[in-house]
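Structure below; questions to follow.
The values are calculated or read from the model by the stated rules, or taken from the named source; none is laboratory data. Predicted, not measured: the structure shown is a model, and the values here were computed from it. Positions of Cβ are backbone-derived with ideal geometry, glycine not excepted, and every protein chain shown enters the neighbour counts.
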């Protein structure tokens, strides 16, 4: 079928997912840019900051458990609404706290709410796109994580300098409520969407996957945990999610302490890094979609793309040799872009291997485990940086962390390879 003649409403859906993910990451990323101000306001140490990141990560992890199954039960449309209302209220609440404890509580609720974004978005992609387009669609909406990180170093310092840190939280937190209006008007599952042509509906279902009943029951996690395919996603997320969180929450501080970057001003250096991740996200999705169009099996294409991404991350180990800020920016940009290429494909693996009624649950399980890894990693980061800061050489702490970042993806890919030498999509009837 010539998909150029089918209509393009599915890309409107993709755009909605992209903007939601962008807002999600603006609300998340704001903390890193306000860190120097909040350290003074609340008298934080590096370990205090790490504990706050850890609280967010832990609640984000449990939010995945809640939303993964919840969204499979009530659907992607309403599930997204619940998620973004919770996280937007929590984001605004940061402005009104008076203590470190209160700040941690606001971060906890933010983590719970933000966890609904990816289970809902990946499920929506599975509902709206055939397999040959899913990685590209995932790459586009996942690039919102990068765009959110690009917007933050421009928007947040400006809000901080113009209004103050409280107003920065209020204004960015309010963005989600604006998005809700468009989501409620323009989103519906394909079988209910009146704006969708019959030709595009047929194209969306051209993989001959089972068109599931709207009342289909979600699959129990106990059944999913017995399946090797579930562990492909869980392991991939557990090992690599902590690296991305390190990029989000500590790169601003790294450039501030190592190269004296002023975080009270818009930072072109961080904009360059997070812009590169946008190209990585879309490029990684495009690569595996391109290979599928060339005749590769979907999972073979995803797995090859994951290997390429893992290899491209390796040069971040060389960041310790950077003697000027732009060399460090170049090295880290490549690695961060490769992470996003990895992320686009690891999410799409779920919709390749599982029936649609299980997608949010599997994403929730993997997201939970990945976030638990992200909960533990800040303990290492905070204690390591405090140790080397006390020794007057905080750069040595970052160098150790960059070595960990460089090696992790190849370890993750090797684990996935050992699990998937003989792997096929899960048959729907085997999960009941």
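Could you identify the single residue in 135, 120, 108 that is under 24 Å from residue 279 (Cβ atoms) and touching a residue at least 12 places away in the same chain (Cβ under 8 Å)?
Step by step, each of 135, 120, 108 is checked, and only 135 is under 24 Å from residue 279 (Cβ atoms) and touching a residue at least 12 places away in the same chain (Cβ under 8 Å).
Could you check, for the stretch 67-82, whether at least one of its residues is closer than 22 Å to residue 157 by Cβ, crowded, with 22+ Cβ neighbours inside 10 Å and at pLDDT 85 or above?
no
Report the residue count in the stretch 94-138 for those that are within 18 Å of the chain's Cα centre (by Cα) and part of a helix (DSSP H, G or I).
23
What single numbered condition from (1) more than 30 Å from residue 269 (Cα to Cα); (2) touching a helix residue (DSSP H, G or I) at 6+ places or on another chain (Cβ under 7 Å) fails to hold for residue 191?
Just one mismatch for residue 191, condition (2).
Of all residues in the stretch 226-267, how many are in a helix (DSSP H, G or I) and closer than 16 Å to residue 32 by Cβ?
So the answer is 18.
Also, quick follow-up: Please work out if residue 64 is surrounded by 23 or more Cβ atoms within 10 Å (Cβ to Cβ) and either outside any helix (DSSP H, G or I) or at pLDDT below 90 (or both).
yes
Ok, one more. Any idea which of 91, 50 is assigned to a helix (DSSP H, G or I) and under 18 Å from the mean Cα position of the chain (by Cα)?
Within the list 91, 50, the selection yields 91.
A follow-up question, please. Taking the options 148, 144, name whichever one is crowded, with 23+ Cβ neighbours inside 10 Å, within 17 Å of residue 175 (Cα to Cα) and either touching a strand residue (DSSP E or B) at 6+ places or on another chain (Cβ under 7 Å) or modelled with pLDDT under 85 (or both).
Testing whether each residue is crowded, with 23+ Cβ neighbours inside 10 Å, within 17 Å of residue 175 (Cα to Cα) and either touching a strand residue (DSSP E or B) at 6+ places or on another chain (Cβ under 7 Å) or modelled with pLDDT under 85 (or both) leaves just 148.
Which residues, counting only those in the stretch 151-165, are over 22 Å from the mean Cα position of the chain (by Cα) and surrounded by fewer than 17 Cβ atoms within 10 Å (Cβ to Cβ)?
Passing the criteria: 158, 161, 162, 163, 164.
Return yes when residue 299 is part of a helix (DSSP H, G or I), closer than 13 Å to residue 150 by Cα and over 14 Å from the mean Cα position of the chain (by Cα) and no when it is not.
When the stated conditions are applied, residue 299 does not pass them.
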